[in-house]
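Participant: This is the structure, below, for whatever I ask next.
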């Protein structure tokens, strides 16, 4: 029976690529329109909308195919990692407010790197201890380690739809920065686990994983920075805009993609590479193109990221109704629920275990500064990272299925559990984020943060690049005026010297607001 | 031996999607940069550059793989028809100067529809008569008919890089319009041939093909128009830009793609649908979005089209070195060359057989107008459509291979011949276009055309939409002033009444320069 279904599915895949694509594009359009109509409603964000629409279309397909199938397309984690993830991460790097990102660099790295390790450790330990007690056997050492990485990657899309970078810049920058670094860390950690020798787990192996991680982190960053600089240099010296702005845009898109693919090819972390490539491109390359190219790239990258995200959440919604996986997973409903609740609890715990101590550490290091992470902030940061999303799903697929299909009951259970955790955390935790923020920061947080910037119109809030760049020179003045304050914090000092170096040597070569093109 | 190569190729395809993609993207970047550097050199256009770079990279791969392989990616005509063709055709519709397109509508249709039938007939008859005389047997009736469709689709990319729509608007609009309609016609004709009953070829079958064609043409157009209007209506009523311009852009891109997929799903001509969808979108939907979305969509569509075109020509260049096909094709070099020369001759003949008579017919119908197609123009139109391009290649693959692979010597010969014809016509005919135009229109054609518009900067010449829209109202005035002149020509009259209807009923509902948004 199942093989017939599989056969029919393959047939449908090979001969009618058109049907599923058409349906998927149609559902994407629907998502877009409904997402727009629900924009005013801050309780239901776009991820939740996409998941619900995915569930509904899954139900339709299930009914139409007589309970055989709930998918329009078969998920393939290669599609995710090759086509969907790069635009999302690149856009994150491209639109990040660089000044704030780098000013909070150490805190972000603490949360995003050290935090993932702590969280993964707690989840692995918890699962190892509790899974057998819930009657769930059969996972190997590598699987347990993978589970740690899978459930440590956060999805902060929901939170970012509620937080505003003008109202709470520090909070926004921490949550956003952590979200990006955290995604990268969990993927890198996951890959490190795939390669490590799990038969002899001791302190040497742990050191080896950490060593691997540091190596990957540095080389990937270097590759991303290099690609970004090369693109900027090409755009500056050849000045494509002279003939056609189409070429500039194409080059930026292709080079960004190339950086990701190169990293994957060299077994580095594409996600980190493309993130840093995005940062470098928005810092240098973006200033070397014509005005219309600038507007276009800003929107194109945001659009690709948006479509990719919607695509993923839609898929997750459909996947939740995949009868086959539920059948393959032989666990009873009660057991399945207890495993899920346990996972949720471990996620809550694992995150609490690093957010509060690391915040304290960060506050300790930044004694001299005014903007400390208050306890209310810590609670929001803790909550904001509880959602699990696309990366978790993709990693679970990679670990527990073979191109989206699995016949192993234990593996099917792990996949369905991941889906439940993602659905539940996105819907319930995501739903409660807004009330929590309103409760925690009742005065709209204006008094709690010291960086008060000019209010931007809604659209620009999503695309904060321009306004930041415009205020770059005033920031610089401010920075030099408050030099004595900066000296108290090493990050500030590094940032200050970096800006001097940047203005003196980098921008004249690679372009930037202070470089040759007068219209910047 | 061959099966091992095939096996390895499959393995490389499945497990290392990353390697070929990376290489291809890198080569695309290279093309872009070299294309920019050669921009000043009008002799070498971008198609030729891409083909040459494709040949060079093919040679490298051939050497590196010890003569086994010259491909980075395997061509799959599904990829072409699902992903590469839609953006090219949509962009053509989106950027076309609608006024001139519709003013010359009848002439364009004569060239693009009737012309393809005449040319295909001559090529089919010639091949049927000459192929056996050159010792080339084995093609069936359907194959002969397909050859007619394959070699009737023109590629006018080269020509359009030489012609300027400000200098020679009539010529540009005819060549561009014919190029688009012609592509659509040959694909539709090709599909009609696939479905027809070739065992009984008589006048009834011919009538049937023509009937099919008319049906396809009308339904496809209707679908494209409907999708375009629906998009415009959604954008106008919901006014997405209020919240985020990302959604507007995504919706336009997705709806355009949806129209193509829907048409393919309903067995219509996606190419026609997406072309008309593009026209409608640029006429209505485009005016309902924010300023930045307008700039972005204009560039995004042009970029996607540009990348897709470069991709195709690169591939053609690589494919020319596909050793396997040359081996499979058992024909001697001499015979192969004679077949190719014969095909080129038939293309020259077939095109001459409709350009000159149909131009005369068009001049006859437009007696009252000043802008007739002079004999020099006719020669340029004839020459401009001699290049064969991506559509020919894709159709040849569809007819003669199974997902890019063929073991039948005759079919391999047909594919290699198509590649040679495409290479030769693009390189040699394309190379000679510029000198021909300079020779034929020495005064830069300013005196020969009566529509003299304001000079636009180079970049805008590629993206002529804005300037046209800005001058829409003045055009209307001009049109009503010269009402008596218009009466002499039916097309002008239809166009005039259409504009009245458009302004009174369509634009208030679907949006346009005269509709509610004041910034237009």
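The values are calculated or read from the model by the stated rules, or taken from the named source; none is laboratory data. Computed from a predicted structure; not experimentally measured. Cβ atoms come from the backbone with ideal geometry, glycine included; neighbour counts cover every protein chain shown.
For (1) within 16 Å of the chain's Cα centre (by Cα); (2) modelled with pLDDT of 85 or more, each residue gets a yes or a no:
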site: A:63; (1), (2): no, no
site: A:71; (1), (2): no, no
site: A:81; (1), (2): yes, no
site: A:87; (1), (2): yes, yes
site: A:100; (1), (2): no, no
site: A:108; (1), (2): yes, yes
site: A:114; (1), (2): no, yes
site: A:122; (1), (2): no, yes
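Participant: Now for a different question. Within region B:355-377, is there a residue that is within 20 Å of the chain's Cα centre (by Cα) and either part of a helix (DSSP H, G or I) or buried (at least 24 other Cβ atoms within 10 Å of the Cβ) (or both)?
Facilitator: yes
Participant: As an exercise: evaluate residue B:234 against (1) in contact with a helix residue (DSSP H, G or I) (Cβ under 6 Å, 6 or more places away or on another chain); (2) buried (at least 18 other Cβ atoms within 10 Å of the Cβ); (3) at pLDDT 80 or above and give the number of the one condition it does not meet.
Facilitator: If we test residue B:234 against (1) in contact with a helix residue (DSSP H, G or I) (Cβ under 6 Å, 6 or more places away or on another chain); (2) buried (at least 18 other Cβ atoms within 10 Å of the Cβ); (3) at pLDDT 80 or above, just (1) comes out false.
Participant: Also, quick follow-up: In the list A:445, A:403, A:390, which residue meets the criterion of being modelled with pLDDT under 80 and closer than 15 Å to residue A:313 by Cβ?
Facilitator: A:390
Participant: Further, regarding this structure: Looking at region A:409-432, can you tell me whether even one residue there is outside any helix (DSSP H, G or I) and buried (at least 17 other Cβ atoms within 10 Å of the Cβ)?
Facilitator: Taking every residue of region A:409-432 in turn, none turns out to be outside any helix (DSSP H, G or I) and buried (at least 17 other Cβ atoms within 10 Å of the Cβ).
Participant: Considering only region A:225-260, state which residues are free of Cβ contacts under 8 Å to residues at least 40 places away in the same chain, within 7 Å of chain B (Cβ to nearest Cβ) and within 17 Å of residue B:24 (Cβ to Cβ).
Facilitator: A:250, A:251, A:254, A:255, A:258
Participant: Kindly list the number of the only condition in (1) farther than 30 Å from residue B:29 by Cβ; (2) out of contact with any helix residue (DSSP H, G or I) (no Cβ under 7 Å at 6 or more places or on another chain) that fails for residue B:322.
Facilitator: Single failed check for residue B:322: (1).
Participant: Among the residues of region B:316-331, is there at least one that is at pLDDT 90 or above and buried (at least 21 other Cβ atoms within 10 Å of the Cβ)?
Facilitator: no
Participant: From the list B:307, B:214, pick out the single residue that is under 20 Å from the mean Cα position of the chain (by Cα), surrounded by fewer than 24 Cβ atoms within 10 Å (Cβ to Cβ), more than 11 Å from chain A (Cβ to nearest Cβ) and farther than 27 Å from residue B:505 by Cβ.
Facilitator: Result of the check over B:307, B:214: B:214.
Participant: Go through region B:263-275 residue by residue and tally those that are at pLDDT 90 or above and either surrounded by fewer than 24 Cβ atoms within 10 Å (Cβ to Cβ) or over 17 Å from residue B:81 (Cα atoms) (or both).
Facilitator: 0
Participant: Checking residue A:199 against (1) more than 16 Å from residue A:117 (Cα to Cα); (2) part of a helix (DSSP H, G or I), only one condition comes out false. Which one?
Facilitator: Failing condition for residue A:199: (2).
Participant: Test of understanding: among A:341, A:329, A:293, which residue is free of Cβ contacts under 8 Å to residues at least 24 places away in the same chain and more than 20 Å from residue A:50 (Cβ to Cβ)?
Facilitator: A:341
Participant: Modelled with pLDDT of 75 or more, surrounded by fewer than 17 Cβ atoms within 10 Å (Cβ to Cβ), in contact with a helix residue (DSSP H, G or I) (Cβ under 7 Å, 6 or more places away or on another chain) and within 14 Å of another protein chain (Cβ to nearest Cβ): is that true of residue B:27 in this structure?
Facilitator: Answer is no for this residue.
Participant: For region B:133-166, give me each residue that is within 19 Å of residue B:382 (Cα to Cα) and assigned to a loop (DSSP other than H, G, I, E, B).
Facilitator: Once the filter is applied, which keeps residues that are within 19 Å of residue B:382 (Cα to Cα) and assigned to a loop (DSSP other than H, G, I, E, B), region B:133-166 yields B:151, B:152, B:153, B:154, B:155, B:156, B:163, B:164, B:165.
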